[in-house]
1. If amide H atoms are built 1.01 Å from N in the plane of the peptide, which residues on other chains or at least 5 residues away come under 5 Å of the amide H of Val181?
2. Can you bin the range 101-147 into rounded, prolate or oblate? Criterion: square roots of the alpha carbon gyration tensor eigenvalues sorted a ≥ b ≥ c, rounded for a/c under 1.5, prolate for a/b above b/c, oblate for the rest.
3. Tell me the GluC sites (Glu not before Pro) within the range 380-449 that lie in a loop according to DSSP and have at most 16 other beta-carbon atoms within 10 Å.
4. Note the full-extension length gain between His340 and Leu390 as 0.36 nm times their separation in residues minus their Cα-Cα distance, in nm to one decimal.
5. Work out how much length Lys87 to Val244 would gain on full extension: take 0.36 nm times their residue separation and subtract the Cα-Cα distance, in nm to one decimal.
6. For the chain, with every protein chain kept in place, what is the accessible area per residue (1.4 Å probe, Å²)?
7. Using heavy-atom solvent-accessible surface (probe 1.4 Å) with all chains present, what is the largest-first order of Trp91, Trp311, Trp118?
8. Taking square-rooted eigenvalues a ≥ b ≥ c of the alpha carbon gyration tensor, is the range 124-214 rounded, prolate or oblate, where a/c under 1.5 means rounded and, failing that, a/b exceeding b/c means prolate?
Amino acid sequence: MKTRNCQVLVIGGGPGGYPAAIRAGQLGLDVIIVDKDGLGGTCLNRGCIPSKAVIHAASKFEHMGEHASGEALGITLAEAPKLDMGKLTSWKDGIVTKLTSGVGQLLKTAGAEHISGWAKFSDAKTCVVDTGTEEIEITAEHVILATGSVEVELPFMPFSGPVIGSTEALDQTELPNKLVVVGAGYIGLELGIAMRKLGSDVTFIEAAPAILPIYDKEITRPITMWLKKHKVAVNLSCKAKGVVEDGGKTFLEYEDAKGGTQRIEADKILVAVGRKACLDGWGVETMGLDMVDGRFIKVDDQCRTGMRNVWAIGDVIGEPLLAHKATAQGEMVAELIAGHRRSFDPVSIAAVCFTEPEIVGVGLTPDEAKAKGEEIVTGKFPLAASGRYLSMEAGLDGGFVRVTARKDDHVILGIHAVGTHVSELSGEFALAIEMGARLEDIAGTIHVHPTLTEGFAESVLTALGHPIHIPAPKK
Ligand SMILES: Cc1cc2nc3c(=O)[nH]c(=O)nc-3n(C[C@H](O)[C@H](O)[C@H](O)COP(=O)(O)OP(=O)(O)OC[C@H]3O[C@@H](n4cnc5c(N)ncnc54)[C@H](O)[C@@H]3O)c2cc1C
């Protein structure tokens, strides 16, 4: 067996692992990164990017349909658009290939070596990588675990035949006529809404009494309205029970809110009930690490595990399971190894649902702030009052920007928005919270006209009691 030594060994080439390896290389460390599935991890191969490509294509298809069936914007299409799902998927695959090969190039430029294969540890600093053609034993001074997460399957209806997960949902060559989505969290909703726009008949089965339960009803209302308008049935407080074949047709059987058994016909059943840390099959049990309830690797505020010089980042250490969190931790750990002083202490990590319309959340909602004993002021600006939104065929979906600030010093505690395109505001929102901005800081920043960002400035003016583009709130 070949043997290798390095200063830094990164396991997993997702948005946690590859930035860690690039940054370590930039800092002059001798680094090897191992990944079996192709660089980019879940994010580039079967998560963030492919889902956003399909969502974009679905919106385009829906808009073209609107032009064909009426005179949206005075532009009429002579024929209804036609969908070739196989070609759509190939177009999405092209984006994935471009980005994943770009990651390979970036690693090379930074001086990080990529070994393609599955790593299995025999102790905390030693693993054997099976590349398919050979086995390489690697020993490292520092190990960064970035093994990510995998989809959760329902034990009584594992992925097979008509039952698919998000990975397969993004790789379809034929659009299902009838799609049942189990789970109305962000992944289920993003994919279910895209499939509806492409023409599937979509039904949700959700065990909780609300969609996207981490957001308040005010925020999720525009999505509920969209689903209703587009005849998407959402069955809340309902539990999937299993798949039944009957008369050559497939049905999902579920328990309804009253405890009765119901069934619904489906060509495909997308199970989107969550993700769990990737902890199986790579010898984590040999490494002597502390765990959180056996579900995630336990780390401190510098992503150090219980074992000296073994670090863990990204989805494998738990919530929030987000690519940008993984990246921030990866860069930080590389810098810590190089001797920099760093810690992972964000005020808040912005989260976006690329639903229709989109949701952005940073920091505390008004209810969360009150629960923490804060006295607050809020300001809400409806996007229907924004010229930029209207000029982009947006704003009429019930969307708004809402700011929550502490009453006495006006420090902003949370910013939430719902509306088409609001994902692009997440950067300004996160910056405001991270810099400890007060309402007056945002009001004093001249926002470009006409842009989507004006909605944020107006929500702040509303909280201060003197908006320009909506009537001032009564005192
Ligand atoms: C459909 C979908 C949409 C999403 N959309 C978004 C979004 O819009 N925004 C967002 O922030 N997040 C999104 N996510 C979540 C995001 O993809 C993850 O949070 C992110 O990829 C986590 O990064 P990571 O580096 O921790 O792990 P991963 O990206 O999961 O990468 C881990 C890698 O390690 C490899 N690996 C594991 N064990 C070994 C081993 N022993 N040897 C070799 N290789 C190994 C895996 O094969 C994988 O390639 C989405 C996820 C899904 C499924």
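1. The list, which skips near neighbours in sequence, is Thr203, Phe204, Ile205, Leu270.
2. Oblate is the answer for the range 101-147, as a/c is 1.5 or above yet b/c matches or exceeds a/b.
3. Sites meeting the loop and neighbour criteria: Glu393.
4. Working: separation 50, 0.36 × 50 = 18.00 nm, distance 4.74 nm.
Working it through step by step, the gained length comes to 13.3 nm.
5. 53.4 nm is the gain from fully extending Lys87 to Val244.
6. On a per-residue basis, 47 Å².
7. So the residues, ranked largest to smallest area, are Trp91, Trp118, Trp311.
8. Prolate shape, in that a/c is at least 1.5 and a/b is the bigger ratio.
The values are calculated or read from the model by the stated rules, or taken from the named source; none is laboratory data. Owing to the predicted nature of the structure, the values given are computational and were not obtained by experimental measurement. Backbone-built Cβ (ideal geometry, glycine too); neighbour counts: all protein chains shown. SASA here: full protein model, heavy atoms, side chains in, ligands and nucleic acids out. Shrake-Rupley method; radii C 1.70, N 1.55, O 1.52, S 1.80 Å.
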